[in-house]
Structures are given as structure tokens and as C-alpha cells.
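Enquirer: Sending over a structure as C-alpha cells; questions will come in a sec.
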Amino acid sequence: MVTESFIKELAKILGRENVLSARKDLLAYSYDSTPERGIPEVIVFPHNTAQVSAVMKAIHREKIPVVPRGAGTNLSGGTVPTCGGVVLELSRMNRILEIDTANRRAIVEPGLVNLDLQNALAPLGFVFPPDPASQKSSTLGGNVGENAGGPHCLKYGVTSKYVCGIEVVLADGEIVELGGNVEDIPGYDLRALLIGAEGILGIATKLVLNIVPLPKTSWILLAVFETLDGASQAVSDIISSGIVPGALELMDKTSCWVIEQSISAGYPTDAEGVLLIELEGLGDSLNRQAKDISEICRKNKMRELRLAKTTAEKTILWQGRRGFFGAVARLCPQYVVMDGTVPRNKMVPTLRQIGKIAEQYKVTIANVAHAGDGNLHPLILFDVNNEQEKKAAHEAGKVILKTCLDMGGTLTGEHGIGLEKLGSMKTMFHPADLAAMHHVKSIFDPDSILNPGKLLPAEEDNSHHERKEIPV
């Protein structure tokens, strides 16, 4: 689909050094953080909005598929170029354009790495709350495209709460501004459509973000439990008591063992469940919260409670939790990770069922979770060279997602649908609901060139269903 003359046209727009088409380069951009693969035909590196617009006008004219991409840390196959075409690599659009602490705003480009923004904000006494575990490498454009969460989103909310405005290049190259610096914009909230849309509606080229002051003081509690049920129930009990920690993370025995093999963060390897709890506030309130949490945890068979107050103690515990995915990859390079979300009071039965699924499919599952908001991350480990194990891992993943839906939950908390969960979308949504989503897609991208084959399963004829397609 991509001709040599088209590649030359792209080189005129961007400069030859910003256009790659050699086989080794195509292979380097054929995957993300999943086992999925797809070879693109050309990779381009724009440096500004005007270049993105010019590239998209050329792509639109030729009706060539295009996949917007940042750091490639996606965990659902959302940045795999399964239709060939163009990979539009935004990692070189990585500037902080403005930080306005008086109005609590940061204006950035989409290729900026999440942690780079945090490091720029910290000396000013501010933070951008969404903090996915991949924040050392994941870009803010990707965070917006997946509506990323992270440990601190229990208290502060996910990415959608912190995106005030987006500059977007549409499928035909038109540049539009959605939202802005102020809280309330009249008219349709089209900004919200782009957040979590996984790049199928438009390409973000500038983000106006809400930033908040850093907490004055924070403590970390490490609660060690005799049972995973106890740790899970304690999560629900803590939130229902009225305490909302800054973060509330759960790890099972396998996860703690994996972390310790790589990082030596001080997690116990003989406990069935561990909670990492971060408290924020002033001294008196922290003492009170810690005391109340201790009582709740002891009622749920907690055997030990550790308190980390110093920066060094807190840092190593967070390094362990945030480094979990990398630690797993050192031991088992290939794994399937789910991120279904369930109501907090369904954590106990859901994790029990995940344990039964592991036994049924004879797979090893390591569980971590943004437990405070019910976002589960069961990692299913398998040998990539063993087809039987690989098949069992993928089947177990599908059953885990079905379990989350049966518990009143959803398919994804932050990793997106991508390729991995396309089939499960038909389980969660009625055909008329999917038809409405396809209708929105067709308005923004009538030729379906933006990240085709992701998020929405193939459209079906829904005329025989009782419910009618919702007009948009």
C-alpha cells in the first residue's frame, strides 16, 4: 500500500532522517509490550503539529492505515500495526511548553514521558496525579489514549480528570482544539471522546493538563496478611470506613517473590497477601488513619504492619511495586496481563475465582492490583515456545475477563482494549451499543485509517435486534 513515491513525499515533509523504511527498523516498530506482531511499511517522526497535519493529509489522500505511537509500552496490542501502513511515532514531540502553577496547568506535547513531567513539577511543589507503573517510559499521549490510571488514582482519579484541553489532528489532517485552559467549555465535550479512544478518532499533538500541589506529608504502611482473602477484604473495609488512602496496592505471594528476586525491596515472600498503603496529610491525621487502618487489618488476619516514614524506606517499597512488570519479564519474558476492574466488595470472590482458573488451565498467575479502585492485574506466565501453555494462558485470560464482567465489573481499568480484548467487547456491550460507537468512529474517520482494528470489534448487521442504534 505504501509506494516508494509516497515515502519520498513523506521525506519531503519531514526530512529523510525522520522517515524509516529499512527492514530492521520496521521490525523494531512491529510490536508493543504484548506478544502481538504486525509489520508497518514506513515509520515517520514528526516534530510539530504542522508536520503531523501535513503527514495526515498525505495519508488521508492515499487511504493508508496509520498507527499513532509513543513509547510502545501498550499492554493490549493497541500500538501494533496489524494492517501495515504508517507508524506515526510521536516520541520526538516531547517538550514541556508551559507550566503555570498559579492556574495549576501544564501544557505539554504528547511524546513527553510521564515521569519527566513529574520531575519538572516536583521542585515547584506540584504533581500530575495519574502515575502508571510504566511512568518511567510511557508517554502522556499514550496515557491519554488509554485513560491511564496508576496507584494514586484511588484518591485523585484517572487521566480523564486531568485533561483540560487537547489539540488534535483529525484523519484528514485538520487541526482542532478541544476543551481549553478553563474548567467549563460550552458545547459538546468532544475532548472526552478522545480520552481513552486508543487513537482511533484523532491524534493528540498538544495537551493542557491539570496539576495539583504535592501532599505535605506522606507515610507508607506495609500490611502483611496470612491470607489473600484477608488482604482483599481489608481493602473494602478500609474504604467503607471512610478512609481514602493516597494509594492502596495489593500483591500476592507470587508477586512478592518475583519482586524480591529482582529488586530486594523488603517484601515478605512467605505471606499470602500484602497491602502497600500510602497515607497523605498532616501528622495528627496520619496517626489517626494509621491506627484505624491497623485495627481494620488485624480483624482480617494481618500478621504484621510496617511503617515507612523516611524517603529511602518509601522509595524502595515503591520501586518494588512499580518494578513488578519488569521483574516478571526477567524471569518470564512472555506473559499475558489482564486489567479487569471489579467493585471493591467483589475482590475476594474474584481473586478466589482467578485462583481456580489458574488450577483449571494449569498456569501460574501472579496477582497485583490497584486494589483501592478494584483494578486487578493478574499476570499469566507461559513459555512462548510451548504452544499448549501459550494457548492455555490466552484462554485463561478470556475467562478472567468474563469473571470480572460477571462480578459487575469491566474489561479494562487502564490498559485499553487494543487487539487483546476485542472479542470480549461483544460480551460486555449489546450490539446496538457497539453500533453507536462505530457511528462515532465513522464521523471522525469515515475511511477507518486511524489505528484500524483496535478497540471496536468488526461491525455487524444489528437490524434484527430489538434495541435501536443510538443516533449521534
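Enquirer: Look through THR350, THR341 and report the one residue that is in contact with a helix residue (DSSP H, G or I) (Cβ under 8 Å, 6 or more places away or on another chain), farther than 21 Å from THR227 by Cβ and of a type in the set (Ser, Thr, Tyr).
Expert: When all the criteria are applied, what remains is THR341.
Enquirer: Take the range 49-68 and flag every residue that is in contact (Cβ under 8 Å) with a residue 60 or more places away in the chain, out of contact with any Pro (no Cβ under 6 Å at 6 or more places or on another chain) and not hydrophobic (A, V, I, L, M, F, W, C).
Expert: THR49, SER53, LYS57, HIS60, GLU62, LYS63, PRO68
Yes or no, residue by residue, for (1) at pLDDT 95 or above; (2) under 21 Å from ILE354 (Cβ atoms); (3) among the charged types (D, E, K, R):
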site: VAL224; (1), (2), (3): yes, yes, no
site: THR227; (1), (2), (3): yes, yes, no
site: SER236; (1), (2), (3): yes, yes, no
site: PRO245; (1), (2), (3): yes, no, no
site: LEU248; (1), (2), (3): yes, yes, no
site: ASP252; (1), (2), (3): yes, yes, yes
site: LEU279; (1), (2), (3): yes, no, no
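Enquirer: Residue check, PRO446 against (1) at pLDDT 95 or above; (2) within 26 Å of the chain's Cα centre (by Cα); (3) surrounded by fewer than 19 Cβ atoms within 10 Å (Cβ to Cβ), all met but one. Which one?
Expert: Single failed check for PRO446: (2).
Enquirer: For the range 23-43, indicate whether the set of residues that are hydroxyl-bearing (Ser, Thr, Tyr) and over 30 Å from LYS390 (Cβ atoms) is non-empty.
Expert: Within the range 23-43 (the criterion being hydroxyl-bearing (Ser, Thr, Tyr) and over 30 Å from LYS390 (Cβ atoms)), the answer is no, since none of the residues qualifies.
Enquirer: Given the criteria more than 28 Å from the chain's Cα centre (by Cα), surrounded by 14 or more Cβ atoms within 10 Å (Cβ to Cβ), under 19 Å from ILE200 (Cα atoms) and modelled with pLDDT of 95 or more, does ALA54 qualify?
Expert: Spelling it out, ALA54 is indeed more than 28 Å from the chain's Cα centre (by Cα), surrounded by 14 or more Cβ atoms within 10 Å (Cβ to Cβ), under 19 Å from ILE200 (Cα atoms) and modelled with pLDDT of 95 or more.
Enquirer: Filter the range 87-109 down to the residues that are farther than 26 Å from MET56 by Cβ and among the polar types (S, T, N, Q), then identify the one that is surrounded by the most Cβ atoms within 10 Å (Cβ to Cβ).
Expert: The qualifying residue surrounded by the most Cβ atoms within 10 Å (Cβ to Cβ) is THR101.
Residue-wise test of (1) surrounded by fewer than 23 Cβ atoms within 10 Å (Cβ to Cβ); (2) touching a residue at least 12 places away in the same chain (Cβ under 8 Å); (3) outside the structural domain of PRO268 (by TED's automatic domain parsing); (4) under 23 Å from the mean Cα position of the chain (by Cα).
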{"position": "ARG306", "(1), (2), (3), (4)": "yes, yes, no, no"}
{"position": "PRO343", "(1), (2), (3), (4)": "yes, yes, yes, yes"}
{"position": "VAL348", "(1), (2), (3), (4)": "yes, yes, yes, no"}
{"position": "ALA371", "(1), (2), (3), (4)": "no, yes, yes, yes"}
{"position": "VAL384", "(1), (2), (3), (4)": "yes, yes, yes, no"}
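Enquirer: For SER236, state whether it is buried (at least 19 other Cβ atoms within 10 Å of the Cβ) and of a type in the set (S, T, N, Q).
Expert: Answer is yes for this residue.
Enquirer: Please go through the range 382-409 and pick out each residue that is of a type in the set (Val, Ile, Thr) and in contact with a Leu (Cβ under 9 Å, 6 or more places away or on another chain).
Expert: ILE400
Enquirer: Further question: Tally the residues that are among the polar types (S, T, N, Q), surrounded by fewer than 20 Cβ atoms within 10 Å (Cβ to Cβ) and within 18 Å of THR205 (Cβ to Cβ), restricting the search to the range 155-193.
Expert: 1
Enquirer: Specify the residue that is surrounded by the fewest Cβ atoms within 10 Å (Cβ to Cβ); the eligible residues are those in the range 26-51 that are part of a loop (DSSP other than H, G, I, E, B) and polar (S, T, N, Q).
Expert: Restricting to residues being part of a loop (DSSP other than H, G, I, E, B) and polar (S, T, N, Q), the top hit is ASN48.
Enquirer: May I ask you to verify whether ARG69 is over 27 Å from PHE126 (Cα atoms), surrounded by fewer than 19 Cβ atoms within 10 Å (Cβ to Cβ) and either modelled with pLDDT of 95 or more or of a type in the set (Lys, Arg) (or both)?
Expert: No; evaluated as a whole, the condition is false for this residue.
Enquirer: While we're on this one: Please work out which residue is farthest from the chain's Cα centre (by Cα), limiting yourself to the range 254-279 and to residues that are surrounded by fewer than 20 Cβ atoms within 10 Å (Cβ to Cβ) and among the acidic types (Asp, Glu).
Expert: Applying the filter and picking the extreme gives ASP270.
Enquirer: For the range 331-374, give me the residue count where each residue is on the phi < 0 side of the Ramachandran plot and not in a strand (DSSP E or B).
Expert: Of the residues in that region, 30 qualify.
Enquirer: Conditions: (1) in the same structural domain as ILE277 (by TED's automatic domain parsing); (2) within 18 Å of ASP131 (Cα to Cα). VAL208 meets all but one. Number of the miss?
Expert: Status for VAL208: all satisfied but (1).
Enquirer: Mind checking which residues of the range 183-227 are closer than 30 Å to ASN74 by Cα and among the β-branched types (Val, Ile, Thr)?
Expert: ILE195, ILE200, ILE203, THR205, VAL208, ILE211, VAL212, ILE220
The values are calculated or read from the model by the stated rules, or taken from the named source; none is laboratory data. What you see is a predicted model; the values in this text were computed from it and never measured. FYI the Cβ positions are ideal-geometry reconstructions off the backbone, even for glycines, and counts take in every protein chain you see.
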